[in-house]
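Read through the structure below, which is laid out as structure tokens, and then see the notes.
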Amino acid sequence: MDSPISAFAIYKSTRQNTPKREKRKRKKASASTKPLPPNINENTKDIAQKVKRKQKKIKVAKNITKKKLHKKKKAKKVSQKKDSVNSVQEEPNNSDASKVEEIPALVPISPHNGLILPNSDDEVYSVSSDGDLVFSAVTTDSCEEGLKIFRWMMAPYNSNDFFNSVWEKKPLHIARNKPDYYSDIISTPLIDKMLRTESIQFTKNIDITSYVDGKRKTHNPEGRAYPHVVWDFYLNGCSVRLLNPQTYMSKLHLLNATLQEYFNSFVGANAYLTPPDSQGFAPHYDDIEAFILQAEGKKHWRIYKPREESEILPRTSSKNFSDDEIGEPILEVTLNAGDMLYFPRGYIHQGVTIDGEHSLHVTVSMYQKHSWADLFEKMVPAALQIAINENVDFRQGLPLDIYDNFGLVHSDARTPRKTEIEEYIKNLFYKIKNHLPIEEAVDQMSKNYQHDALPPVLTDEEKSCTVYGDSDVMTENGKVINRAEMGLDTKIRLLRKNILRMVSEDSIKLYYYTENSLEYRGNDLTFLEIEEELAPAIETLIKSYPEYVAVEDLDTPHDTDKIQIADALWGRGLVITSYPLETLRDD
């Protein structure tokens, strides 16, 4: 069993002025800038003017932030003896630390902690020499954006080192001495506001738990969780677990929705608020890869290795264990605000608040039911069915004497006839592997992801180039204004790399997640059924991402079909145009 890692990174900001750096050159897609139409809607103009007014104000702040990031010193090795074990301490490869400044445009750098909500970008709109507003096309790659967010979450530990030596293998502790690092994601005042403004329901959205004298209890009343009731439980030593906080906390939704594009797996979250000197849960292991982001206070954790081979990377969560069932911890750490702790599925863990301080953390989770076993569960039954249909050997009757050679009564017998039948069965089994429907099984795994995934978070610029913008507005007297229409010269691309999956079932279906609920599988799985001759057009968009493709270049022979499929994708929020569509003039 690999040893856990404790990576200590001391972040020291500098206030010294440094020479001004030149801005990075933005990548330009073909026709990435275009004058805005003269009849562009007022909302987009307001965005542009707002950005212009903010440019001067934020320019200095942005430069200072970049300087501070480049001034960060390499993390120092800290030799720190744990209470019961000596954890392995490593000097992290800081190549990712320098990339923290590359947090994607979707989640720009902020001096506070590096994570803010999407907002108008000061480089998207500009003014040409003749005074026209100019729009720069969105060119970000959602998969790369997800990786940048992951690097920010893990900084300063190198992401390549993480996946090579830590992921699914052993725990990792990152101590930062930067208490505000995760505070924009969640806070106790934000939880209080959520309880007051949203209809938070016990059991569905929130649990009240305790763990005293080795006994784990849930204390959920019926109905809505009002602040008075929740905080009364809290003051009496109970922990508060939020089951789907991303539903009500926009920055957590943004974090998870961005990460899921990189992992191609649902990224969920639970939040845990624990009062001082208490414990809310019994020792147990989970069936997810867990990233503990400590937002407030402190919590002392004990991590235990899997007890046996079958509990390494388990596919289901465990029961609650007693202390005498789990042995000695392999890692004991105290998480302070801004720290992170990772452990793979199967690692038993328990946490307790200490030193009279409360604790608030978010557990970001992924890779639930996302293993080779899950793929094979889809593949093997289908392969057997194909083999049965295509090979008459599988359809022949069983030998008359099979019951005289196999079964409980005959399990110890070793006869020539039994060996003969065993060899025949094995030969049949080997034939199944020639029929494995790997492509179809992977499509079915991705179909599950489309049902699990969170809906995307869009910037203002993305909204102005999608169906989520201000086109087609109903006004007084039943008049519709800002009518937008695509043409053959309109350039489009998928809104996100993994926003849809084309699957061949009884017909060609495009499964997508833009209409998903913020609650896990809160809506039915949505799909668009298309004719087979339109499938190459979808393939063009998938393989061209993140580049834009002119509608006329979609791989289908008829112009009417090209417009039809582009309009169908646009109407479901699956594509973005390279610039805001021109609105039709009223006759």
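Descriptive notes on the structure:
- Computed over the alpha carbons of segment 178-220, Rg followed by Dmax gives 14.1, 36 Å.
- Full extension of the chain between residue 477 and residue 394 yields a length gain of 22.9 nm, computed as 0.36 nm times the residue separation minus the alpha carbon distance.
- With K and R counted +1 and D and E -1, the other residues having a Cβ less than 13 Å from that of residue 355 yield a net charge of 0.
- Site pair residue 284 and residue 372 shows an inter-label distance of 2.9 nm when each label is modelled 7 Å from Cα along Cα→Cβ.
- Solvent exposure of segment 539-587 as accessible area per residue, Å², 1.4 Å probe: 51
- Accessible area (Å², per residue) of segment 218-333, counting only protein heavy atoms and a probe of 1.4 Å: 39
- Rolling a 1.4 Å probe over the protein heavy atoms gives segment 340-407 an accessible area of 50 Å² per residue.
- About its Cα centre, the dipole of segment 295-378 is roughly 360 debye, where the only charges are +1 on Lys and Arg Cβ and -1 on Asp and Glu Cβ.
- Projecting the Cα atoms of 194, 230, 209 onto the dipole axis of segment 177-234, where Lys and Arg carry +1 and Asp and Glu carry -1 at the beta carbon, places 209 farthest toward the positive end.
- Once the Cα gyration tensor of segment 281-352 is diagonalised, semi-axes √(5λ) in Å: 21, 13, 10
- In terms of packing, defined here as the mean over residues of other Cβ atoms within 10 angstrom, the peptides 394-401, 301-308 line up highest first as 301-308, 394-401.
- Taking the accessible area of segment 364-520, probe 1.4 Å, and keeping the other protein chains in place, the carbon and sulfur fraction comes to 54%.
- Within the accessible area of segment 223-266 (1.4 Å probe), percent carbon and sulfur: 54
- With a simple spin-label model that places each label point 7 Å from the Cα along the Cα-to-Cβ direction, the separation between residue 504 and residue 525 comes to 1.8 nm.
- Zone of residue 307's modelled label, taken as backbone nitrogen in segment 200-225 under 20 Å from a point 7 Å along Cα→Cβ: 211-217
- For segment 194-292, applying the loop criterion from DSSP together with a ceiling of 11 other beta carbons within 10 Å to the GluC sites (Glu not before Pro) yields 222.
- The simple Förster model, with R0 at 56 Å and r as the Cβ-Cβ distance, assigns residue 411 and residue 558 a FRET efficiency of 0.30.
The values are calculated or read from the model by the stated rules, or taken from the named source; none is laboratory data. Keep in mind it's a predicted model, so treat the numbers as computed, not measured. Counting neighbours? That spans all protein chains shown, and the Cβs are built from the backbone with ideal geometry, glycine included. Note: accessible area is taken over every heavy atom of the protein model, side chains too, but ligands, DNA and RNA are not part of it. Shrake-Rupley method; radii C 1.70, N 1.55, O 1.52, S 1.80 Å.
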